[in-house]
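Here's the structure we're looking at; comments come further down.
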Amino acid sequence: MSPKCPMVKKPYPPGQKRKKRPSALSEFGKELKEKQKLKNWYNLSERQLRNYVKENLTPALLIQKLEDRFDNVIFRLGFATSHSQARQLISHGHFLINSRKVNIPSYQLKMGDKITINPASKQKKIFANLSSFLKKYQVPTWLKLNPEKLEGQVTGKPTPEIVAPPAEISTIFEYYSR
């Protein structure tokens with residue numbers, strides 16, 4: 001996508017077809033796009049997102065539920081660089097919650113839960129330079145991180161004002177109300 005790219009110079013496909021502009025999205029298209037944004041941001045399946053929307057009546061509760069997921073907390077603490085990497089590390093059993101091994105990425109954390117790296121996994125290559133990275137890392141206000149011990153704790157509840165969701169949540173509720 002450099003400036004010399006033909007698609008940047010002429011934003012339409014090559015050929016003798018009519019050069020038409022993309023039409024504006026319909027209301028359904030906008031809702032679908034917002035749903036896909038949220039689904040891809042939190043790395044959820046369609047069924048998981050639908051269930052979260054059906055059980056939570058307000059956008060604030062939905063964001064709180066999504067942010068309290070185990071894979072999201074691992075990502076927010078800085079133990080993983082992406083949601084999908086966090087999901088994989090959890091499913092491989094590299095983390096403990098309150099000294100118990102949990103390998104379910106969708107596990108809902110509660111206030112006071114303590115997350116640590118499995119002692120057997122600390123020698124892994126992926127965790128080698130983690131403590132130096134975490135010293136500079138800024139965690140959200142509802143989480144607490146101890147970079148020396150490589151452990152985190154849930155100290156509060158996330159709110160939409162703190163989290164700033166990537167999508168317009170009210171349109172997602174409208175999409176699922178059809």
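Positive contributions from Lys and Arg (+1) and negative ones from Asp and Glu (-1), summed over other residues with Cβ under 13 Å from the Cβ of Q108, come out at -1. Two numbers describe the Cα atoms of the chain: Rg and Dmax, which are 20.2, 65 Å. Separation of the stretch 139-159 and the stretch 53-113, taken as the distance between their Cα centroids, equals 12 angstrom. Springs between Cα atoms under 10 Å define the GNM used for the chain, and in it the highest mean-square fluctuation of R69, R47, R87 occurs at R47.
In a DSSP loop and with at most 11 other Cβ atoms within 10 Å, the GluC sites (Glu not before Pro) in the stretch 103-178 are E148. Calculated FRET efficiency, K144 to V102, Cβ-Cβ distance, R0 = 30 Å: about 0.95 to the nearest 0.05. Neighbours of E148 by Cβ distance under 14 Å: Lys/Arg scored +1, Asp/Glu scored -1, total +4. Extension gain, Y176-L32: 0.36 nm per intervening residue step, less the Cα-Cα distance, totals 50.9 nm.
Of the residues C5, L143, P160, the one whose Cα sits farthest towards the positive end of the charge dipole of the chain is C5 (charges of +1 on Lys and Arg Cβ, -1 on Asp and Glu Cβ, taken about the Cα centre). All C-alpha to C-alpha distances of the stretch 69-154, sorted into 5 Å bins beginning at zero, yield P(r) values of 3, 16, 31, 30, 17, 4, 0 percent in whole numbers.
At an R0 of 22 angstrom, the distance between the Cβ atoms of N118 and S84 translates into a FRET efficiency of 0.65. Label separation (N40 vs E55): 2.6 nm, computed from points 7 Å beyond Cα along the C-beta direction. Cross-link partners for K65 among the lysines, with Cα-Cα distance under 26 Å and sequence neighbours closer than 8 places in the same chain left out: K30, K33, K35, K37, K39, K54, K101, K110, K114, K144, K157. Using a Gaussian network model of the chain whose springs link C-alpha atoms within less than 10 Å, name the residue from K30, K54, K17 with the highest mean-square fluctuation. Evaluated over the chain, the most mobile residue of the options is K17. A Gaussian network model of the chain, with springs between Cα atoms under 10 Å, assigns the largest mean-square fluctuation among A24, A164, A86 to A24. From largest to smallest, the equivalent ellipsoid semi-axes obtained for the stretch 29-81 from the alpha-carbon gyration tensor read 20, 14, 9 Å. The helix-only estimate of mean residue ellipticity at 222 nm for the chain, built from DSSP H runs of length n ≥ 4 each weighted as -39500 (n - 2.57), is -11500 deg cm²/dmol after division by the residue total. With each label point set 7 Å from Cα along the Cα-Cβ vector, what nm distance links E161 and K110? So the two model labels end up 2.7 nm from each other.
Read-outs: derived from the displayed coordinates by stated rules, not from any lab. Source: prediction; values computed, not measured. Please note: Cβ atoms are built from the backbone with ideal geometry, for glycine as well, and neighbour counts cover all protein chains shown.
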